[in-house]
Amino acid sequence: MLTLVNSIYTVDAPKEKKENVTPTRSIVRDYTQVLESVAEEVEKIIKRYFNRFTSKAAARAVQYLGKYSSRLREWAQKIAFVVVSNIDKESRGRWSSILERMPPTMRGQINQASIRPLIEQFLRDNVELITSMPLQAAERVQDLVLVEALGKGARSVDLEEEIMRIGDITRNRAKLIARTEVSRMTTGLTMARAKSVGSNWYIWRTAGDAIVRDSHKNLEGVLVNWDEPPSPEKLIGQKVYGNYHAACTFNCRCHPEPVVDWKEMRFPVKVYSHGMIRRMSREEFSLIAGEIYKG
């Protein structure tokens, strides 16, 4: 577990997992806790140095938030390494049952999958996300003070209350980062390992409950190619958030189920291809996926 002790961040030995907590939830929970501790420190800095609504106080708060961001970098690198290592360990564990159904030659391929560049990118991304938390808070302070300076009709007392709420905003962002990044990294490693053995397609799976967003519910059970991520919202005429794979957008609880044995696939199936979803027979699917998928 990752904890904050007297403003010094340390990495503790992990506690025993509870039976009702999945590894993914455990990683998200621990990552959320340490990011929330950053948000708490941001809140403390703002309350300590922005004790009155003046440009001088704002400059002081911004200065110390910037210093805090710089001090965070080394710690952020350690935290990101722990998180990515745990996700990689979990990803390898999830593949153990799949490996049993593969020939020995394919097992060797997946064990030698080149995922180092991907892991290094995840490390860099998460270090930047962590160190950007106090910087974004500083930008918010500057923006609100600028509103007051330009006389845009907002009362100083209201703007001061907005600044005092920056801690809560940063705390909410901490939760969003933890959930989104753990899911995004998990899918990224799944994709790397799947493609290393020639598994170029996966089945989009949702959490299957009442709060699954409509755009993702529409993709439940749909075959998706790793090289062609869909735009779930565009498919049903909603506000578009770009093209992405399962679990690779904010607060997404979906996951990709790689297809490694086409003999287990029952046709016809729903397939996403060229910006649309349509049901295909085995013969129709083989036209876009190749001869190998016919039998």
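What to note about this one:
- At most 12 other Cβ within 10 Å, DSSP loop - chymotrypsin sites (Phe, Trp or Tyr not before Pro), region 167-274: 250
- Sequence-ordered 3J(HN,Hα) estimates for region 271-276 from the Karplus curve with 6.51, -1.76 and 1.60 and θ = phi - 60° stand at 10, 8, 7, 6, x, 8 Hz, glycine and proline given as x.
- Per residue Cα convex hull volume in Å³ - calculated over region 49-105: 124
- Geometric extent, Cα atoms of region 202-295 - Rg, Dmax (angstrom): 13.3, 39
- Full extension of the chain between residue 121 and residue 207 gives 28.2 nm of extra length, using 0.36 nm per residue less the Cα-Cα distance.
- FRET E, pair residue 283, residue 81, Förster distance 51 Å, beta-carbon r, rounded to 0.05: 0.60
- Sparse-neighbour loop sites [trypsin sites (Lys or Arg not before Pro); region 215-274; at most 16 other C-beta within 10 Å; DSSP]: 239, 266
- Förster radius 30 Å - calculated FRET efficiency between residue 175 and residue 240 (Cβ-Cβ, nearest 0.05): 0.80
- Placing R0 at 41 angstrom, the Cβ-Cβ distance between residue 265 and residue 139 gives a FRET efficiency of 0.25 after rounding to 0.05.
Bear in mind these aren't lab numbers, they're just calculated from the coordinates by the rules spelled out. Fair warning: this is a prediction, and the values are worked out from it, not measured in the lab. Cβ coordinates were reconstructed from backbone atoms using ideal geometry, including for glycine residues, and neighbour counts include every protein chain displayed.
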